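Have a look at the structure below before the remarks.
The values are calculated or read from the model by the stated rules, or taken from the named source; none is laboratory data. What you are looking at is a predicted structure, and each value in this text was computed from that prediction instead of being measured. Every residue, glycine among them, receives a Cβ derived from its backbone with ideal geometry; neighbour counts consider all protein chains shown. Surface accessibility is based on the protein's heavy atoms, side chains included, excluding ligands, DNA and RNA. Shrake-Rupley method; radii C 1.70, N 1.55, O 1.52, S 1.80 Å.
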Amino acid sequence: MSLVTRLSQHPLLGMLWEIAQTASWRHYALAVVGALAAFYMYRLVYGLFYSPLRGVPGSLLSRVTHKRTELLTIAGQMAHLGRWDHEKYGDIFMTTPSSVAICDPADIRAFMGNSAVCKADYYRILEFTEIETTVTFRENEHASVRHRQVGPYFRPTHLAKMEKTIMGLGIETIKGKWDALLDESADGTAEVNYCNDFLISAFGIISTLVYGKRVKELSKSDAATAQWIDMTMMYLSVRAMFLLLPRALVLLLLRPWEHYYYTLSNYIDEAITSRTALVAKLADAGRLDEKPVDMLQALLDAEDPETKARMTREQVHGECMLMMHAGSDTTSHTIAWTVHLLTLYPEHLRRATAEVRAAFAPDHVITYKECRAHLPFIEACIFESLRLVPVTGGLLPRVVPPGGLVIKGHYLPQGTVVFVNTAVANHHPTFWDNPHEFDPTRFLANRDLQHYILTFSHGKRMCPGKNLAWWEMLTIMANILKDYDFKIPDDLTHLGPHVLNKHGFPQIMKSKQYIAVKPVDAERDCRLIISRAQN
C-alpha cells in the first residue's frame, strides 16, 4: 500500500477532509483569523514571560511584530518613532520582538565604539545595486578593507586637489544665481528657495566628481532640475524603505519612478567605461600623470595597502550610486537646516554674519582652509544644526556580538539588534543643557561635545565622506553669510522667531525622513528674501 493511500485512510485526515469539503468561506475566514490570533497570542506570551528581552520596557506591539517599526519607517517617521517611545519608556526600549533601541549618548558611544559590534541586515535597504558598499558591509573586516581602499582619497590633502570643482559648482554656482536675481531686481531684493539651490549645488558637485562631467539634467531650469534631483533621491530613498515589503509589491509600487534610477545607473556605467578607456589610452602614451583627479578615478585606483585588493567594476558602480545619494541629499539638507535655524534665532545670525565679515573682504571667496582657521562660530552653528536636526537621525541598527552585552542593567544576548537612537541622543536632557534650543555657543564652550554628534557615525564605521561634506557645508555657509543679508518672507507666518513650540523655543519646520531628514514642504517653508550684504 502506498504512502498516499495509507494517509488517505487515516481517520484524523479523513475528518479534516470532510470539514474542508463542507466548510463555507466564513469558516475559512474564521480559521485564518483564529490562526493569526493564536500566532500573535503565542508571540505576546513569549515576549512577556519567556523572551530574554522580557525585562526591557516597550509597547505590546513591539513584542509581537516587526510591522510597526517597518511601516513607520516606510512612512518617513523613523526619527519621530524614536522620540515617541523614548518619552514613554526611557533610555532603552523594545522596537521589535528581537530588537531594542538605546538613547543615552554615553551608552551609544560605548556600544558603537565596540570593535566587535557589526551592522545589522537592515542595511541591505541601502544596497541600490545589491552590492555591499562602504555603508552597508555587515562584517567589520570587509568594511575595514573598503575604508583602507577609499580612505586616503577623502583626506583633506586629496580633496584640496578637487577644490576648484567643489568651489565652482558649490558656492560660486549659488552666488552666480543669486547675484543674477539681484541684478534684475528693482528693489535690491529677491526671493530664493535655498533648499532647492543647495540641493542643485551639492548634486552638481558630487555628480561631477563621480561622473567626471556634469549631468545633462543639471542644465534644465532651476525648477525642473530641483524636481529631477529630488525625485531621483526620493526614488532611491523610497526604494530603500520599500525593500522592507515583499519584493513583488515593491516592483509594482515603484515602477512609475524606475526611470529616475536607471538614468543615474546608466550615467555611472557610461562614466566607468569611458574613464577606463581614457586611462588605458594615457597609459599607452606614458602620460598617466594626466589622469583626472575626482572620485571616480579614486574608486578605480583604490587599493587596500594590506591585501592589495582592488574593487570590481560592480563594486565601483555600487559605491558611485551610494555616493550620489549620501553625498548630495544629506549635505544639502544640513546646510538648509542651518540656514533655517539661523533665521529663527536672529542673535546667532547676527553673530555669524559679524564673524565672517570682520575676517574677510567683500570680494574674497573663502576657502575651506580659511573657514577652519578663522570661523569657529559658523562651524559651531553647523555642529548645532547637526545636533538639533540630525540629518541621518533615525534608528541606526547594530548587532550585539558574541557573549552579549549589558546596557542600562538589561542583558542583551548575542544577535540582538540594537537601534542607535540618534534623534533622542542629540536631545538627551541629562547630557545637553536646554536640548531643544539652537545654541551654537555650547560647542565653543566645550569643543569635546563635537565628538557626541553622531551624524557621521562613530568608531570604526565612521563615514569616510565626512571631510567632503564639511568642505561643502563650511564654504557655502561662510560665503553666503559674508555676501548676503536674508530674512524670512512676510507671508511665512507659521514660522519665525516669535512662533514658539511646546518647549518655548522657535518652531522648526516640519520634517520627514527616509534616508535623510528633509522638510515636509520645502517649496513653502524654504523661501528666503535675500539682498546684498550691507557692511
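Overview of results
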item: Tally of residues being assigned to a helix (DSSP H, G or I) and either more than 21 Å from THR133 (Cβ to Cβ) or not basic (Lys, Arg) (or both) across the range 460-481; result: 15
item: Residue count, the range 498-515 (criterion: surrounded by fewer than 18 Cβ atoms within 10 Å (Cβ to Cβ) and of a type in the set (Gly, Ala, Ser)); result: 1
item: Inter-residue pairs, beta-carbon under 7 Å, first within 15 Å of MET311 (Cβ to Cβ) and among the hydrophobic types (A, V, I, L, M, F, W, C) and in the range 260-279, second assigned to a helix (DSSP H, G or I) and open to solvent by 30 Å² or more (accessible area, probe 1.4 Å), 6+ apart; result: ILE272/ARG313
item: Scope the range 485-535; condition assigned to a strand (DSSP E or B), aliphatic (A, V, I, L, M) and touching a residue at least 60 places away in the same chain (Cβ under 8 Å); matching residues; result: VAL517, LEU528, ILE529, ILE530
item: Pick from the range 413-438, criterion open to solvent by 40 Å² or more (accessible area, probe 1.4 Å) and not β-branched (Val, Ile, Thr), ranking: nearest to GLU355 (Cα to Cα); result: GLU437
item: Selection status of LEU375, at pLDDT 95 or above and buried (at least 21 other Cβ atoms within 10 Å of the Cβ); result: yes
item: Those helices (runs of 4 or more DSSP H) lying entirely in the range 137-199 with at least 2 residues in contact with a strand residue (DSSP E or B) (Cβ under 7 Å, 6 or more places away or on another chain) and surrounded by 15 or more Cβ atoms within 10 Å (Cβ to Cβ); result: 140-150, 171-184
item: Candidate set: the range 104-117, residues that are open to solvent by less than 10 Å² (accessible area, probe 1.4 Å) and in contact with a Ser or Thr (Cβ under 9 Å, 6 or more places away or on another chain); chosen: the one nearest to LEU396 (Cα to Cα); result: ILE108
item: Residues of the range 378-412 classified as closer than 19 Å to GLU347 by Cα, open to solvent by 10 Å² or more (accessible area, probe 1.4 Å) and either in contact with a Lys or Arg (Cβ under 7 Å, 6 or more places away or on another chain) or of a type outside the set (A, V, I, L, M, F, W, C) (or both), total; result: 1
item: Cβ pairs under 9 Å, 6+ apart, first in the range 165-192 and at positive phi, second of a type in the set (S, T, N, Q) and open to solvent by less than 40 Å² (accessible area, probe 1.4 Å); result: GLY188/SER531
item: Exclusive hit being out of contact with any Lys or Arg (no Cβ under 7 Å at 6 or more places or on another chain), free of Cβ contacts under 8 Å to residues at least 60 places away in the same chain and outside any helix (DSSP H, G or I), set ALA354, ALA361; result: ALA361
item: Residue selected from the range 516-535 under the condition of a type in the set (A, V, I, L, M, F, W, C) and open to solvent by 30 Å² or more (accessible area, probe 1.4 Å), by the criterion modelled with the lowest pLDDT; result: VAL520
item: Filter result (of a type in the set (D, E, K, R) and open to solvent by less than 60 Å² (accessible area, probe 1.4 Å)) within the range 266-301; result: ASP269, ARG275, LYS291, ASP294, ASP301
item: Of all residues in the range 447-487 being in contact with a strand residue (DSSP E or B) (Cβ under 6 Å, 6 or more places away or on another chain) and at pLDDT 95 or above, the one that is least open to solvent (accessible area, probe 1.4 Å); result: TYR484
item: The one condition in (1) open to solvent by less than 40 Å² (accessible area, probe 1.4 Å); (2) not in a helix (DSSP H, G or I) that GLU132 fails to fulfil; result: (1)
item: Residue that is within 30 Å of GLN149 (Cβ to Cβ), surrounded by fewer than 21 Cβ atoms within 10 Å (Cβ to Cβ) and charged (D, E, K, R), where the choices are ARG124, ARG54, ARG83, ARG43; result: ARG124
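Each row is one residue, and each column tells you yes or no for (1) touching a His at 6+ places or on another chain (Cβ under 8 Å); (2) at pLDDT below 95; (3) within 20 Å of HIS333 (Cβ to Cβ).
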{"residue": "CYS381", "(1), (2), (3)": "yes, no, yes"}
{"residue": "LYS408", "(1), (2), (3)": "no, no, no"}
{"residue": "TRP432", "(1), (2), (3)": "no, yes, no"}
{"residue": "ALA445", "(1), (2), (3)": "no, yes, no"}
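Quick grid of which residues meet (1) farther than 24 Å from HIS147 by Cα; (2) outside any helix (DSSP H, G or I):
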{"residue": "TYR267", "(1), (2)": "yes, no"}
{"residue": "ALA271", "(1), (2)": "no, no"}
{"residue": "ALA280", "(1), (2)": "yes, no"}
{"residue": "GLN297", "(1), (2)": "no, no"}
{"residue": "PRO305", "(1), (2)": "no, yes"}
{"residue": "GLU314", "(1), (2)": "no, no"}
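A quick yes/no check of all residues on (1) in contact with a helix residue (DSSP H, G or I) (Cβ under 7 Å, 6 or more places away or on another chain); (2) assigned to a loop (DSSP other than H, G, I, E, B):
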site	(1), (2)
LEU386	yes, no
PRO402	no, yes
GLY415	no, yes
PHE419	no, no
HIS427	no, yes
PHE431	yes, yes
ASN434	no, yes
PHE456	yes, yes
